Amino acid sequence: MLELRNISLSVEDQFAQNNTKEILRDVNLTIETGKFIVITGPNGGGKSTMAKMIAGILKPDQGQILLDGEDITNLDITERAKRGVSFAFQQPVRFKGITVRDLINLAAGHEIGDCEACAYLKEVGLCAKDYIDREVNASLSGGEIKRIEIATVMARKTKLSIFDEPEAGIDLWSFNNLIDVFRKMRAEIQGSILIISHQERILDIADEIIVLADGRISAKGTKDQVLPELLKDDCRYCVAGRRAMY
């Protein structure tokens, strides 16, 4: 179980009052183990910031983050990874000199067979024989590197897998395949999946939807409770009537 208690974060902003801007404001959130959660909301509402804070990339100004009862607020991304937290970036990192096979083995935490490694690539719509020995470098397109990163998260099988806008930069066929990937992950892993997304099809397979607007949680509930309101042009969950989905 993941708990956020009274989480707040401000950043320097020369155009804001007091030269600071609040990104997250006293956020309280509990995510039960085994849940498929999607966080959505207007652009600039703090979604990616909160995801990075859970992963350990950013630290809050105040508040606590607990994972299965352990306070992980001051742990860095490496220590949180050891405790079972995975994070897939909106713009994945490239690694010159490391092959796709190497990356999947690193993610799994041990050397796995080619058949298993190739199966992960196939799941994300990549021809394994064309990619398994390629370097994870600039020769790969944005969509290719995104799918490879998702394959590594699948290989890790962690208790908490976080995806920051996984649909960004991929084509329609890959997006449709991605929905199937998340459905399979949801069915097979024992942990929780947390996705930052605006996409209705991803929201539609969530156990719970959380709407984050202006740094605060404005709604939390099942898709039947939250999604119909999000689809309205004058969504009451969003700041100044802006829709959460674009």
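All of the numbers you see were taken from the coordinates with simple rules; none came from a lab. Remember, it's a predicted structure, so these values are computed and weren't measured experimentally. Note that we place each Cβ from the backbone using ideal geometry, even for glycine, and neighbour counts take in every protein chain shown.
Scanning residues 5 or more positions from residue 72 or on other chains, those with amide H under 5 Å from its amide H are 65, 66, 67, with H placed 1.01 Å from N in the peptide plane. Computed about the Cα centre, the dipole magnitude for the chain is approximately 60 debye when only Lys and Arg (+1) and Asp and Glu (-1) carry charge, each at its Cβ. Annotation: for a label point projected 7 angstrom from Cα along Cα→Cβ of residue 180, residues of region 99-125 with backbone N closer than 12 Å are 122-125. Put in line by how crowded their Cβ is, counting other Cβ atoms within 10 Å and starting with the fewest, 163, 95 read 95, 163. Within region 77-117, which residues have the backbone N less than 11 Å from the label spot 7 Å out from residue 141 along Cα→beta-carbon, could you tell me? Within reach of a label on residue 141: no residues.
Applying a 10 Å radius around every beta-carbon, put 33-40, 184-191 in order of their mean neighbour count, most first. Write down the numbers at each step before the final one.
Working: 33-40: 20.9, 184-191: 13.6.
For the peptides 33-40, 184-191, the packing ranking is 33-40, 184-191.
Once backbone amide H atoms are built at 1.01 Å from N, residue 210 has 38, 39, 40 as its partners under 5 Å, excluding neighbours fewer than 5 places away on the same chain. Residues of region 179-196 with backbone nitrogen within less than 17 Å of a virtual label 7 Å along the Cα-to-Cβ line of residue 68, please, listed as ranges. Label zone hits: 189-194.
By count of other Cβ within 10 Å, fewest leading, how are 10, 161 ordered? Could you put the intermediate results ahead of the total?
Working: 10 18, 161 24.
By the 10 Å Cβ count, ascending, the order reads 10, 161.
Holding the Cα-Cα limit at 20 Å, pick out from 52/146; 157/184; 35/220; 159/184; 47/184; 59/157 the pairs that are longer than that. Pairs exceeding the cut-off: 47/184; 59/157.
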